[in-house]
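One structure is given here, and the rest of the page talks about it.
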Amino acid sequence: MIRIATPDDIPVLHALVRELAAYEKALDEVVASEAQLAEALFGDRPAAYAHVATADDGSGEAIGFALWFLNFSTWRGVHGIYLEDLYVRPERRGGGHGKALLTELARICVERGYERLEWSVLDWNAPSIAFYESLGARPQDEWTVYRLTDGALASLGGGAR
């Protein structure tokens, strides 16, 4: 049901990313190409990793994915996993694929001595929030995510060379 992504998965991973963005009402924000995804996951210096959830019918059809990367806790002194995206196609939800993806990432954390598995969820996404909390995940209410992109990032980083 869960396997490590391969370069052959790039087209379907890209399609799933676009489906996730549409679900999150942000499809117009997706500018990543298949080539960029391939470089990030399988290039000379991979910076991200992915697992694929496949259909239970033996077809091997990719129906969901988890894309993640390592983070680091200075307080704990060890790496953790930051889950960038978790998505299962709507018609396949409820079959345990999302839980299986998270279980695999938790297994990797335990096996490698990582002490955190973290992700963000949109505050309006009540079904996902309920699912995550049913697994024992807890919101980090005291933290606010900040982000620099586009012009603000270029402006700040432009003078740093």
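If you average the sequence gap of Cα pairs under 8 Å that are 6 or more apart and divide by the length of segment 35-161, what percent do you get for the contact order?
That works out to 16 percent.
What is the extension gain from Asp56 to Trp143, computed as 0.36 nm multiplied by their sequence separation minus the C-alpha to C-alpha distance, in nm to one decimal?
Length gained between Asp56 and Trp143: 27.5 nm.
Report, to the nearest whole %, how much of the accessible area of the chain belongs to carbon and sulfur atoms, 1.4 Å probe, protein only.
For the chain, the apolar C and S fraction of the accessible surface comes to 54 percent.
Can you tell me the order of 14-24, 108-118 when each peptide is scored by its average per-residue count of other Cβ atoms within 10 angstrom, highest first?
The packing order, highest mean first, is 14-24, 108-118.
Compute the accessible area per residue over segment 1-70, keeping the other protein chains in place, probe 1.4 Å, unit Å².
55
How many angstrom separate the Cα center of segment 1-76 from the Cα center of segment 125-143?
22
Assuming R0 = 22 Å, what is the FRET efficiency of Leu122 and Leu153, from their Cβ-Cβ distance, to the nearest 0.05?
About 0.50, to the nearest 0.05.
Between Glu24 and Asp44, what's the calculated FRET efficiency when r is the beta-carbon distance and R0 is 45 Å? Round to 0.05.
With a Förster radius of 45 Å, E is 0.90.
Ordered by packing density, taken as the mean number of other Cβ atoms within 10 Å over each peptide's residues, highest first, how do 145-153, 3-11, 25-33, 98-106 rank?
98-106, 3-11, 25-33, 145-153
Using the Kirkwood radius built from alpha carbon pairs, what does the Stokes-Einstein equation give as D for segment 9-161 at 37 °C and 0.692 mPa s, in µm² per second?
Stokes-Einstein gives a translational diffusion coefficient of 191 µm²/s.
The values are calculated or read from the model by the stated rules, or taken from the named source; none is laboratory data. As the structure is a computational prediction, the values presented were derived from the model and not from experiment. When we count neighbours, we look across all protein chains shown, and the Cβ atoms used for this are built from the backbone with ideal geometry, even at glycine. Side chains included, ligands, DNA and RNA excluded: accessible areas come from the protein's heavy atoms. Shrake-Rupley method; radii C 1.70, N 1.55, O 1.52, S 1.80 Å.
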